[in-house]
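Take a look at the structure below.
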Amino acid sequence: MFDPVDPFLPPVYEKVEPGATLPVVRGGQGLLMLPFGLRGKNFVITEDPNDWDNPKMPRVDMWVDIDGHNVGFGGHFARLNNYSVGFYPLDDGMGTLEHMYIAIIVPDAIADPQTLTGQPGKVHIELNTFGEPAAIQELEFVVAPQIQEY
(Lines give C-alpha, C1' and ligand atoms only; values in the text may rest on other atoms or scores of the structure.)
Protein backbone atom coordinates (compact mmCIF):
# COMPACT_ATOMS: atom_id res chain seq x y z
CA MET A 1 0.00 0.00 0.00
CA PHE A 2 1.37 3.41 -0.91
CA ASP A 3 1.29 6.23 1.64
CA PRO A 4 -1.11 8.88 0.25
CA VAL A 5 0.56 11.59 2.36
CA ASP A 6 4.13 10.91 1.21
CA PRO A 7 4.30 9.00 -2.10
CA PHE A 8 8.10 8.76 -1.84
CA LEU A 9 7.95 6.45 1.17
CA PRO A 10 8.33 2.78 0.29
CA PRO A 11 5.01 0.94 -0.01
CA VAL A 12 3.87 -1.06 3.00
CA TYR A 13 2.83 -4.67 2.48
CA GLU A 14 -0.85 -5.30 3.15
CA LYS A 15 -2.28 -8.79 2.78
CA VAL A 16 -5.14 -8.99 0.30
CA GLU A 17 -8.05 -10.97 1.67
CA PRO A 18 -10.79 -12.31 -0.63
CA GLY A 19 -13.22 -9.47 -1.42
CA ALA A 20 -10.76 -6.77 -0.31
CA THR A 21 -10.66 -3.32 -1.86
CA LEU A 22 -7.61 -2.62 -4.06
CA PRO A 23 -6.58 0.89 -5.05
CA VAL A 24 -5.70 2.11 -8.51
CA VAL A 25 -2.62 4.25 -7.87
CA ARG A 26 -1.19 7.03 -10.02
CA GLY A 27 2.55 6.39 -9.82
CA GLY A 28 5.33 8.95 -9.83
CA GLN A 29 5.56 8.89 -13.63
CA GLY A 30 1.84 9.43 -14.07
CA LEU A 31 0.94 5.84 -14.95
CA LEU A 32 -2.06 4.23 -13.30
CA MET A 33 -1.46 0.84 -11.75
CA LEU A 34 -2.73 -1.83 -9.41
CA PRO A 35 0.22 -2.73 -7.13
CA PHE A 36 0.41 -6.36 -5.96
CA GLY A 37 2.99 -7.06 -3.23
CA LEU A 38 4.17 -10.64 -2.82
CA ARG A 39 5.30 -12.54 0.27
CA GLY A 40 6.15 -16.16 0.79
CA LYS A 41 8.62 -18.53 2.41
CA ASN A 42 10.31 -21.88 2.07
CA PHE A 43 11.50 -21.55 -1.52
CA VAL A 44 14.82 -20.92 -3.25
CA ILE A 45 15.76 -17.37 -4.23
CA THR A 46 18.83 -16.04 -5.98
CA GLU A 47 21.65 -14.45 -3.99
CA ASP A 48 21.27 -11.35 -6.18
CA PRO A 49 17.54 -10.48 -6.51
CA ASN A 50 18.36 -8.71 -9.80
CA ASP A 51 19.98 -11.74 -11.48
CA TRP A 52 17.16 -12.01 -14.03
CA ASP A 53 18.84 -14.74 -16.12
CA ASN A 54 19.48 -17.08 -13.20
CA PRO A 55 17.42 -20.30 -13.58
CA LYS A 56 16.70 -20.16 -9.82
CA MET A 57 14.95 -16.77 -10.17
CA PRO A 58 11.29 -17.05 -9.08
CA ARG A 59 8.85 -16.26 -11.89
CA VAL A 60 5.21 -15.29 -11.95
CA ASP A 61 2.41 -16.04 -14.37
CA MET A 62 -0.47 -13.72 -13.55
CA TRP A 63 -3.69 -12.37 -14.94
CA VAL A 64 -6.10 -9.75 -13.66
CA ASP A 65 -9.73 -9.37 -14.75
CA ILE A 66 -11.95 -6.40 -13.91
CA ASP A 67 -15.62 -6.64 -14.90
CA GLY A 68 -16.33 -4.81 -18.15
CA HIS A 69 -12.66 -3.86 -18.69
CA ASN A 70 -10.95 -7.00 -19.98
CA VAL A 71 -9.43 -5.37 -23.06
CA GLY A 72 -5.97 -6.98 -23.05
CA PHE A 73 -4.23 -10.10 -24.25
CA GLY A 74 -6.24 -13.30 -23.84
CA GLY A 75 -9.38 -11.39 -22.84
CA HIS A 76 -7.90 -10.18 -19.54
CA PHE A 77 -7.50 -6.70 -18.08
CA ALA A 78 -3.77 -7.49 -17.83
CA ARG A 79 -1.57 -10.55 -18.09
CA LEU A 80 2.06 -11.38 -17.25
CA ASN A 81 3.86 -14.51 -18.35
CA ASN A 82 7.17 -15.79 -16.98
CA TYR A 83 7.78 -12.50 -15.15
CA SER A 84 10.99 -12.56 -13.06
CA VAL A 85 10.45 -11.60 -9.43
CA GLY A 86 13.35 -10.67 -7.15
CA PHE A 87 12.59 -11.55 -3.55
CA TYR A 88 14.41 -10.19 -0.49
CA PRO A 89 14.49 -11.88 2.92
CA LEU A 90 12.81 -9.92 5.71
CA ASP A 91 14.33 -9.69 9.19
CA ASP A 92 11.22 -11.11 10.84
CA GLY A 93 12.76 -14.30 12.27
CA MET A 94 10.25 -16.39 10.28
CA GLY A 95 12.08 -16.73 6.94
CA THR A 96 9.61 -14.50 5.10
CA LEU A 97 10.57 -13.39 1.59
CA GLU A 98 9.14 -10.27 -0.03
CA HIS A 99 8.88 -8.71 -3.46
CA MET A 100 7.84 -5.08 -3.00
CA TYR A 101 5.14 -5.16 -5.70
CA ILE A 102 4.23 -6.08 -9.24
CA ALA A 103 2.74 -3.06 -11.00
CA ILE A 104 -0.22 -4.03 -13.16
CA ILE A 105 -0.50 -1.02 -15.48
CA VAL A 106 -3.97 0.16 -16.51
CA PRO A 107 -4.20 -0.53 -20.27
CA ASP A 108 -4.23 2.44 -22.65
CA ALA A 109 -7.48 1.06 -24.07
CA ILE A 110 -9.26 2.14 -20.86
CA ALA A 111 -10.30 5.61 -21.99
CA ASP A 112 -11.79 6.66 -18.64
CA PRO A 113 -10.00 5.05 -15.68
CA GLN A 114 -12.72 6.33 -13.33
CA THR A 115 -14.96 3.59 -14.78
CA LEU A 116 -12.75 1.05 -12.96
CA THR A 117 -13.67 2.31 -9.49
CA GLY A 118 -16.07 0.12 -7.56
CA GLN A 119 -15.83 -2.72 -10.09
CA PRO A 120 -15.31 -6.35 -9.01
CA GLY A 121 -12.16 -8.07 -10.16
CA LYS A 122 -10.17 -11.26 -9.88
CA VAL A 123 -6.43 -11.96 -9.77
CA HIS A 124 -4.84 -15.31 -10.59
CA ILE A 125 -1.17 -15.72 -9.61
CA GLU A 126 1.13 -18.68 -10.18
CA LEU A 127 4.49 -18.41 -8.40
CA ASN A 128 7.01 -20.71 -10.04
CA THR A 129 10.05 -21.40 -7.87
CA PHE A 130 13.16 -23.51 -8.49
CA GLY A 131 12.54 -27.23 -8.03
CA GLU A 132 9.01 -26.82 -6.62
CA PRO A 133 5.51 -27.09 -8.09
CA ALA A 134 3.78 -23.78 -8.80
CA ALA A 135 2.02 -22.10 -5.89
CA ILE A 136 -1.33 -20.90 -7.22
CA GLN A 137 -3.67 -18.38 -5.66
CA GLU A 138 -6.85 -16.69 -6.90
CA LEU A 139 -8.54 -13.81 -5.13
CA GLU A 140 -11.58 -11.73 -5.86
CA PHE A 141 -11.39 -8.01 -5.06
CA VAL A 142 -13.19 -4.72 -5.62
CA VAL A 143 -11.44 -1.69 -7.12
CA ALA A 144 -11.37 1.14 -4.57
CA PRO A 145 -14.02 3.87 -4.95
CA GLN A 146 -11.48 6.47 -6.06
CA ILE A 147 -8.10 6.59 -7.77
CA GLN A 148 -5.25 7.25 -5.34
CA GLU A 149 -3.56 10.40 -6.67
CA TYR A 150 -0.21 11.94 -5.80
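The values are calculated or read from the model by the stated rules, or taken from the named source; none is laboratory data. Predicted model, so just to flag it, every value in this text is computed and none were measured. Here Cβ is always computed from backbone atoms with ideal geometry, including for glycine, and neighbour counts include all displayed protein chains. These accessible areas exclude ligands, DNA and RNA; they are computed on the full protein's heavy atoms, side chains included. Shrake-Rupley method; radii C 1.70, N 1.55, O 1.52, S 1.80 Å.
In the context of the full set of protein chains, the chain has a per residue accessible area of 59 Å² (1.4 Å probe). Each 10 Å bin, from zero up to the one with the longest distance, holds this percent of the alpha carbon pairs of segment 48-103: 21, 37, 28, 13, 1. Between residue 147 and residue 92, the modelled label-to-label distance comes to 3.2 nm, taking each label 7 Å out from Cα in the direction of the beta carbon. The Cα-based radius of gyration of segment 10-150, divided by its Kirkwood radius, gives an Rg/Rh of 0.97.
Binning the C-alpha pair distances of segment 9-62 at 10 Å intervals from 0 yields a P(r) profile of 17, 38, 35, 10 %, listed from the shortest bin outward. Taking the protein heavy atoms of segment 11-139 in the context of the full set of protein chains, the accessible area attributed to carbon and sulfur is 50 percent at 1.4 Å. So how exposed is residue 80, as accessible area in Å² (1.4 Å probe, rounded to 10)? Its heavy atoms expose roughly 40 Å² to the probe. For residue 122, the lysines whose Cα falls under 21 Å of its own Cα, not counting residues fewer than eight places away in the same chain, are 15.
With a Förster radius of 35 Å applied to the beta-carbon distance between residue 44 and residue 112, the computed FRET efficiency rounds to 0.20.
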